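I have placed the structure first, in the form of structure tokens, so that the comments after it can refer back to it.
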Amino acid sequence: MFLAVLGRDLVLAGRQGGESGLALLFFVLGAVLFPLGLGPERGMQAGLGLLWVVALLAALLSLERLFRADWEDGALDLLAARPEPLVAAVLAKCAVHWLATGLPMAVIAPLLGSMLAAPSERLGLLALSFLVGTPALTLIGAAGAALTLGARLGGVLTAILVLPLYIPVLIFGAAAAEGREGALALLAAMSLTALALAPAAAAAALRHAVEQ
Amino acid sequence: MARHLHRLANPGRFRRAAERVLPWTAGTSVVAFIAGLWLALVASPIDYQQKDSVRIMYVHVPAAWMALSTYAIMALGSAGALIWRHPLAELAARASAAPGACFTLIALVTGSLWGLPTWGTWWVWDARLTSVLVLLFLYIGYMALWRAFDEPRRAGRAAAVLALVGAVNLPIVKFSVDWWSTLHQPASVSRFGAPAMDPTMLRPLLVMYAAFLFFWVTVLLLRLRAVLAERRLAALALQPPP
């Protein structure tokens, strides 16, 4: 079932393309706004942490649609009715979401970093911090998106639930991008912890959303 | 224990038990607040470095303890609601959220007031302060999630899952002062061996803690009673008139 959902969602993401592409565009635009708003000098001094802030917000934007389409057209009911655990489907959807947003962000981040005048030897580290940290954003966000399925003000509510849980990722993501010792390991630990806990929470929330 | 909890699932029995307990918890809280405030503000010695500002501790520390333990109760209640479908556990978790958020806010505000004379700043972005701020946001998110659904059952389960996910933050708050070297001082009461605090200061602190604790129990029972009455009214409204 994991592979079936993975394949279907990859095809869907490839054909539609728009949603994750828009999230990436938001990531670029948001990063450009900071030097413009703060003035080029201070924007460049603000450091690579602001890229992480924008990445957080871009990830939030793309979460809204993670389960909603499947929930609306009933695909989620069919997935929940299958004997395989729902966690597998959640993991597959998270994998696709990460491939469509986290991975491209990690590719774009060094470009934006050089626009913010980061020293070139830092850019590899920046991309690495994104590679290690963005899975946590996707996984925690999936739990939040599943919880708010069918809620009034779903999008805003997801942000309010998910952003506090994103704070540790933001702190250590920015620290890892700046090359702080041990931050990358802690970031990896967060992604792995999220991998262990968040899909189960998301699956439980999805089941409750389907049952009612 | 499990059998007693099971018996209390009956709303009528719970209401009668709560009515018997309520005057005692309310009375204990009032007495402890009066005694604790007198001990803390008048009868306890001033700190040789912090002078009178140390008295903020007698409000700050109990509020922070209650903020953490209320979230723990909320998470336990949510687990009880999800696993055993205990009707009262879910309501207890829901009723805990608002007092918990208030305790967290009190801890943050008194901490800021205490920070200015002792650290020279209202706020620092260290691990303890940040994680307590996250705790406040978790409480608010939990309450917002309860209100976001028309269906109370769905709201209850979604909020329960959120409470369990957010419980990850509890050990971070508790151990943040040990894991990272922060401006906030490490634990000096709840540690192995003797507390690193003089009995003349520890006594008012514990009395204030008892006051906060019984205040919380009182508020929780009152809120639970209100929610149960609300449900009963809704159920009565559905019945045809005799």
Here the residues within region B:80-107 that are touching a Phe, Trp or Tyr at 6+ places or on another chain (Cβ under 9 Å) and within 14 Å of chain A (Cβ to nearest Cβ) are B:97, B:101, B:104
Here the residues within region A:49-94 that are of a type in the set (A, V, I, L, M), open to solvent by less than 60 Å² (accessible area, probe 1.4 Å), within 16 Å of residue A:8 (Cβ to Cβ) and out of contact with any helix residue (DSSP H, G or I) (no Cβ under 6 Å at 6 or more places or on another chain) are A:69, A:75
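Quick check on my filter: what residues within region A:28-69 are among the aromatic types (Phe, Trp, Tyr) and under 27 Å from residue A:150 (Cα atoms)? Lay out the reasoning, then the answer.
Filtering region A:28-69 down to residues among the aromatic types (Phe, Trp, Tyr) leaves A:34, A:52, A:67.
A:67, the sole residue that qualifies.
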Per the filter on region A:169-212, residues polar (S, T, N, Q) and modelled with pLDDT under 85 are A:212
All but one of (1) open to solvent by less than 70 Å² (accessible area, probe 1.4 Å); (2) out of contact with any Ser or Thr (no Cβ under 6 Å at 6 or more places or on another chain); (3) not basic (Lys, Arg) hold for residue B:172, so report the exception by its number.
(2)
Does any residue of region A:124-144 turn out to be away from chain B (no Cβ under 12 Å), open to solvent by 10 Å² or more (accessible area, probe 1.4 Å), without any contact (Cβ under 8 Å) to a residue 40 or more places away in the chain and out of contact with any Leu (no Cβ under 8 Å at 6 or more places or on another chain)?
yes
Would you please list the contacts, defined by Cβ atoms under 7 Å and residues six or more apart or on different chains, that run from a residue in region B:131-143 that is more than 19 Å from residue A:148 (Cβ to Cβ) to a residue that is in a helix (DSSP H, G or I) and modelled with pLDDT under 90?
B:131/B:169; B:131/B:172; B:131/B:173; B:131/B:176; B:132/B:173; B:135/B:169; B:135/B:173
Starting from region B:213-233, take each residue that is closer than 18 Å to residue B:12 by Cβ and list its partners that are among the aliphatic types (A, V, I, L, M), counting only C-beta distances under 6 angstrom and pairs at least six apart or across chains.
B:221/B:18; B:221/B:22; B:223/B:95; B:224/B:91; B:224/B:95; B:225/B:18; B:227/B:91
Exactly one of these conditions fails for residue A:185: (1) in contact with a helix residue (DSSP H, G or I) (Cβ under 7 Å, 6 or more places away or on another chain); (2) open to solvent by 40 Å² or more (accessible area, probe 1.4 Å). Give me its number.
(1)
Applying the selection to region B:109-149, what residues are open to solvent by 60 Å² or more (accessible area, probe 1.4 Å), farther than 16 Å from residue A:163 by Cβ and either facing chain A (nearest Cβ under 8 Å) or modelled with pLDDT of 85 or more (or both)?
B:109, B:113, B:147
Report whether or not residue B:42 is touching a residue at least 40 places away in the same chain (Cβ under 8 Å), open to solvent by 50 Å² or more (accessible area, probe 1.4 Å) and more than 18 Å from residue B:185 (Cα to Cα).
no
Scanning region B:219-229 residue by residue, those more than 21 Å from residue B:60 (Cβ to Cβ) and in contact with a helix residue (DSSP H, G or I) (Cβ under 7 Å, 6 or more places away or on another chain) turn out to be B:220, B:221, B:223, B:224, B:225, B:227, B:228
Pick out, from region A:76-194, the helices (runs of 4 or more DSSP H) lying fully within it that include 2 or more residues that are under 14 Å from the mean Cα position of the chain (by Cα) and among the hydroxyl-bearing types (Ser, Thr, Tyr).
A:120-147, A:154-177
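The values are calculated or read from the model by the stated rules, or taken from the named source; none is laboratory data. Model, not experiment: these values are computed from the prediction. A quick note on method: Cβ atoms are made from the backbone with ideal geometry, for glycine too, and the neighbour counts reach across all protein chains shown. Remember, those area values only see protein heavy atoms, side chains included, never the ligands or the DNA or RNA. Shrake-Rupley method; radii C 1.70, N 1.55, O 1.52, S 1.80 Å.
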